[in-house]
Amino acid sequence: MISEKMQVQVQNSSIIRAMFEEGKRLAAIHGAENVYDFSLGNPNVASPEEVKKAIVEIINKEDALSIHGYMNNSGYEDVRAAIAKSINDKFSTAFTQDNILMTVGAAGGLNVIFKTLLNPKDEVLTFAPFFGEYRNYVSNYEGELLVVPANTINFQPNLEEFKKKITPKTKAVIINSPNNPTGVVYSEATIIMLSDILREKQKEFGTDIYLIADEPYRELAYDNVEVPYLTKYYENTIVGYSFSKSLSLPGERIGYLVIPNQVADYKNIIAAANIANRILGFVNAPSLFQRVIAKCLDAKVDLETYNRNRELLYNGLSSYGYQCIKPEGAFYLFVKTPIENDIEFCNLAKKKNILIVPGTSFSCPGYARIAYCVKYETIEKALPGFKALIEEVK
Ligand code: PLP
């Protein structure tokens, strides 16, 4: 008999699983090329050539025992130093290897930091709409995720509501920009206001509130939009980064945490995070890919492929009368469903072989997420279906 906690988890993950099953069922009937699957955030742009070159070079030139061996639980010192330097060069920060902890993707990093910080019933705040896994990561450590309702005008965080939700039990706030599912980049003005609120509340309650910046989409930003580096705005910021999307390596499970010296209780946090990485069973981030990414810190995926998709999808949907904000980053578009019930709308879309995810899954009903990390032709072929859908329900 599985645990009671896992029974709930199994129940809750059924929407995404059902969609996955549905996709397979539709592909068997209509042929995979006639099913337009916009449900998953799996990059469709290949990793840059540098990644392949680095793998080959490392395998051919470096000592096998050290490539594949155990190491410090925080990761290879030289890799962490290279990452610190690269961040410093880009954002004028002053990190060293002691601020970097290599993780098993962003997901691993978030689990490490929540394990490090949370006591049972500690509150973690996030802004709707948000990546649904946050709920699981927080509940893994008996924390409580509290959701600030969406600001559907521009999907910047709703700071008025945020202020009201901070309590003496608020241990952390998790934000994600560029955002999954909206593609919105939180502006510098927003970040400054959010930081001011946090400082004010820390003072009022005499607590430390950690801002966790979940940044797997940092490099996927269009039209030269600026993505502020949050450690510069708020002292208690911890950054979670991942190469899953920035180098199209989601299966390799590689990322890192940045834990700056200025963070309250830095020494204990960095030591505890190192141990959390081990005792959660990750032990350390994958060794080969630590070495690979250290050689590819300036490499970039072909952003233009995503950008073309973004333009095609956004312009197409807007011309049919759909309401959506043009995404500034990531590879998602969050569209207002032309009927109120987003789940029903996604079911209607499924009848046209279009798979999209209801906003309800991101705590924002009345919307749907379209992941455009797909072939350009998939969007071209799906657009008439989107047009027919809005005409049908109007
Ligand atoms: N955070 C957000 C907002 C995501 O969208 C994802 C993956 O899609 C993750 C974290 C997890 O990323 P990783 O593959 O690096 O664990």
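Which residue, Met102, Tyr76, Ile379, has the largest displacement toward the positive end of the dipole of the chain when charges sit on each Cβ (Lys, Arg +1; Asp, Glu -1)? Farthest along the dipole direction, towards plus: Ile379. Only alpha carbons enter this Debye calculation for region 315-394, each as an equal point scatterer, and the log10 of I(q)/I(0) it gives at q = 0.22, 0.23, 0.25 Å⁻¹ is -1.08, -1.19, -1.44.
What FRET efficiency, computed as 1/(1 + (r/R0)^6) with R0 = 45 Å and r the Cβ-Cβ distance, is obtained for Gln9 and Ala94, rounded to the nearest 0.05? Don't skip to the answer; put the middle values down first.
On the way: r = 41 Å, r/R0 = 0.91.
In this case the efficiency is close to 0.65.
Close amide H partners of Leu145, meaning residues 5 or more places away or on another chain with modelled amide H under 5 Å apart, are Val124.
The order of the peptides 249-255, 31-37, 76-82 by mean Cβ neighbours within 10 Å, most packed first, is 249-255, 76-82, 31-37. Using C-alpha pairs under 8 Å with a sequence gap of at least 6, the mean separation divided by the residue count of the chain gives a relative contact order of 23 percent.
Calculation over all alpha carbon pairs of region 1-51 in 5 angstrom steps from 0 returns a P(r) of 4, 15, 16, 15, 14, 13, 12, 8, 3, 0 percent. A straight chain from Lys381 to Glu133 at 0.36 nm per residue would run longer than the Cα-Cα distance by 86.2 nm. When region 234-362 is described by a simple charge dipole with +1 on each Lys and Arg Cβ and -1 on each Asp and Glu Cβ, the residue from Ser319, Gln290, Phe334 located farthest towards its positive end is Gln290. The Asn140 and Lys326 beta-carbon pair, evaluated with R₀ = 35 Å, returns a calculated FRET efficiency of approximately 0.50. With the simple spin-label model, which puts each label point 7 Å out from Cα in the Cβ direction, the Asn224 to Asp302 separation comes to 2.4 nm.
Kindly report the accessible area of region 1-153 per residue (heavy atoms of protein chains, probe 1.4 Å, no ligands, DNA or RNA), in Å². Please list the in-between numbers first.
Working: 8160 Å² over 153 residues.
For region 1-153, the solvent-accessible area averages 53 Å² per residue.
Where the eigenvalues come from the Cα gyration tensor of region 1-146, what are the semi-axes √(5λ) of the equivalent ellipsoid, largest first, in whole Å?
Values: eigenvalues 226, 147, 56 Å².
Ellipsoid semi-axes (Å, largest first): 34, 27, 17.
Distance from the alpha carbon centroid of region 263-334 to that of region 336-391 works out to 23 angstrom. Solvent-accessible area assigned to carbon and sulfur over region 86-221 amounts to 49 percent, based on a 1.4 Å probe.
Per-atom-type breakdown for region 1-84 gives carbon and sulfur 59% of the accessible area (1.4 Å probe, protein chains only). Cβ-Cβ distance of Leu65 and Val283, R₀ of 30 Å, FRET efficiency by 1/(1 + (r/R0)^6): the value works out to about 0.95.
Looking at region 215-275, the accessible area is 35 square angstrom per residue; that uses a 1.4 Å probe and ignores ligands, DNA and RNA.
Computed from point charges on the beta carbon alone (+1 for Lys and Arg, -1 for Asp and Glu), the dipole magnitude for the chain about its Cα centre is near 480 Debye. With respect to the chain, whose longest principal axis is taken over its alpha-carbon atoms, helix 49-61 is tilted by about 40°.
With the whole protein complex present, Arg278 retains an accessible surface near 110 Å², based on a 1.4 Å probe.
Principal semi-axes of the equivalent ellipsoid, √(5λ) from the alpha carbon gyration tensor of the chain, are 34, 26, 20 Å from largest down.
Using the heavy atoms of the protein chains alone and a 1.4 angstrom probe, what is the accessible area of region 314-367 per residue in square angstrom? I get 38 Å² per residue for region 314-367. Expressed as a whole percent, the accessible area of region 267-391 that falls on carbon and sulfur atoms is 51 (1.4 Å probe).
Summing Cβ point charges (Lys, Arg +1; Asp, Glu -1) relative to the Cα centre of region 233-351 gives a dipole of roughly 360 debye.
Expressed as a whole percent, the proportion of Cα-Cα pairs in region 195-255 lying more than 16 Å apart is 56%.
The values are calculated or read from the model by the stated rules, or taken from the named source; none is laboratory data. As the structure is a prediction and not an experimental result, all values here were calculated from the model. Cβ coordinates were reconstructed from backbone atoms using ideal geometry, including for glycine residues, and neighbour counts include every protein chain displayed. Each accessible area value is taken on the protein alone, full model and side chains, heavy atoms only, with ligands, DNA and RNA left out. Shrake-Rupley method; radii C 1.70, N 1.55, O 1.52, S 1.80 Å.
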